[in-house]
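The structure appears right after this line, and notes come after that.
The values are calculated or read from the model by the stated rules, or taken from the named source; none is laboratory data. Bear in mind the structure is a predicted one, so any value in this text is a computation, not a measurement. Quick reminder, even Gly has a Cβ in these numbers, built from the backbone with ideal geometry, and neighbours come from all protein chains shown. Keep in mind that these areas ignore ligands, DNA and RNA; they rest on the heavy atoms of the full protein, side chains included. Shrake-Rupley method; radii C 1.70, N 1.55, O 1.52, S 1.80 Å.
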Amino acid sequence: MGDVMFDFNGKAVLVVGGTSGINRGVAELFALQGARVAVASRNPAKVADTLQALEQLGAEAAGFSADVRDMAALEQGVREVYQRFGTLDVVISGAAGNFPALAEKLSPNGFKSVMDIDLLGTFQVMKAVFPYLRKPGASVINISAPQAFIPMMAQIHVCAAKAGVDMVTRTLALEWGSAGIRVNSVVPGPIDGTEGMARLAPTEEIRSRVVAGVPLRRFGTPQDVARVCLFLASELAGFVNGAVIPVDGGWSQNGCGGMSDYLGSLA
Ligand code: NAP
Ligand code: COA
């Protein structure tokens, strides 16, 4: 009792897909807590811009460009981050792709592209970081979505991929628990100002309907999600392993408020 359980000074955090939206908010909050933070994504300009922002927040920052579908690029980037920081304590994996498309109109390659980014990509990130993360106190957080457990029209690719992501989380909680690594999923609800919401709720009318379906009657923010990631990565959550935690104002308890119906009517 009374021990410090929330100290990220000196810890090294990697946020894959951390160069925009929710995941960038996560990277920035860890930086503000004194962590050394690395980010990775495909676009080198987004990586450079995020690095600059993290440094302006006072963090030692690193970054690399890689597509999560490219195992060799991931392995090289993670190795460089480890060489730079000399440790790796927390990994947040959140690279994803999404667009609305009914199954009837979605090509096999469209389905595959989201499966490859979200699900295979998550697995590959896990494989790339494991050799460096393998120590008591380490923590992995996979960024999922309500589609993992709430079926939605025009989201068959995302539903299948994110359900798989949560099973990666739960299976690794079993396999890696004995090494002292905790693996959990965070499930954001509708988060304002993000690419994901711009794609799924592109008009004011749909945005109003989304908010009406959230029991707390507001959009979430990247900070809402980041705070729960911070908790999960800290010793406060030292016995939390294999959990799938919605951060959605209760949206998923409400079946995501009819999102399926309006996506189905749009697509
Ligand atoms: P976003 O801004 O588009 O973030 C996606 C991030 O992943 C970017 O940094 C992107 O950068 C990177 N990325 C995409 N494809 C990649 C690939 N193949 N390889 C490596 N990096 C890749 O989206 P967001 O809306 O904030 O979503 C972030 C996460 O939250 C996702 O996992 C999403 O499923 C989840 N989520 C979002 C919402 C929401 O309301 N927005 C709701 C539920 C769940 P590059 O373009 O540079 O690669
Ligand atoms: N509707 C239907 N199919 C679509 C589509 C859409 N809006 N957008 C892409 N596709 C299909 C393409 O037609 C292609 O299939 P095809 O070869 O049979 O024609 C397939 O998806 C791959 O498209 P491509 O553009 O080559 O994929 P990519 O790997 O360059 O990009 C995406 C991946 C499509 C997921 C792209 O939207 C992306 O990079 N998204 C990242 C940002 C994001 O989605 N953020 C929100 C996160 S929740």
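Quick check, is residue 57 more than 10 Å from ligand 1 (Cβ to nearest atom), hydrophobic (A, V, I, L, M, F, W, C) and within 19 Å of the chain's Cα centre (by Cα)? No: the conditions fail for residue 57.
Candidates in the range 209-232 are the residues that are of a type outside the set (D, E, K, R) and assigned to a loop (DSSP other than H, G, I, E, B); of these, the one that is farthest from ligand 1 (Cβ to nearest atom) is 215. Within the range 2-25, the set of residues being out of contact with any strand residue (DSSP E or B) (no Cβ under 7 Å at 6 or more places or on another chain) and part of a loop (DSSP other than H, G, I, E, B) comprises 2, 3, 4, 5, 6, 7, 8, 9, 10, 20. The residues of the range 46-86 that are of a type in the set (S, T, N, Q) and in contact with a Gly (Cβ under 8 Å, 6 or more places away or on another chain), listed by number, are 50, 65. For the condition touching a strand residue (DSSP E or B) at 6+ places or on another chain (Cβ under 8 Å), modelled with pLDDT of 95 or more and on the phi > 0 side of the Ramachandran plot, residue 189 does not qualify. So is residue 39 closer than 19 Å to residue 228 by Cα and within 16 Å of ligand 2 (Cβ to nearest atom) or not? In short, yes. Of the residues making up the range 100-112, just one is in contact with a Gly (Cβ under 8 Å, 6 or more places away or on another chain) and surrounded by fewer than 17 Cβ atoms within 10 Å (Cβ to Cβ), namely 102.
The number of residues in the range 217-264 that are on the phi > 0 side of the Ramachandran plot, out of contact with any Pro (no Cβ under 8 Å at 6 or more places or on another chain) and modelled with pLDDT of 95 or more comes to 4. Within the range 233-267, the set of residues being open to solvent by less than 30 Å² (accessible area, probe 1.4 Å), more than 23 Å from residue 98 (Cβ to Cβ) and part of a helix (DSSP H, G or I) comprises 233, 237. Scan the range 198-208 for residues that are at pLDDT 95 or above, within 15 Å of ligand 1 (Cβ to nearest atom) and either open to solvent by 40 Å² or more (accessible area, probe 1.4 Å) or in contact with a Gly (Cβ under 9 Å, 6 or more places away or on another chain) (or both) and report the count. Counting residues in the range 198-208 that are at pLDDT 95 or above, within 15 Å of ligand 1 (Cβ to nearest atom) and either open to solvent by 40 Å² or more (accessible area, probe 1.4 Å) or in contact with a Gly (Cβ under 9 Å, 6 or more places away or on another chain) (or both) gives 3. In the range 161-173, the condition of being in a loop (DSSP other than H, G, I, E, B) and away from ligand 1 (no atom under 14 Å from the Cβ) is met by no residue. Residue check: residue 153 meets all listed conditions (1) free of Cβ contacts under 8 Å to residues at least 40 places away in the same chain; (2) within 19 Å of residue 252 (Cα to Cα); (3) away from ligand 1 (no atom under 15 Å from the Cβ); (4) not basic (Lys, Arg) but one, namely (1).
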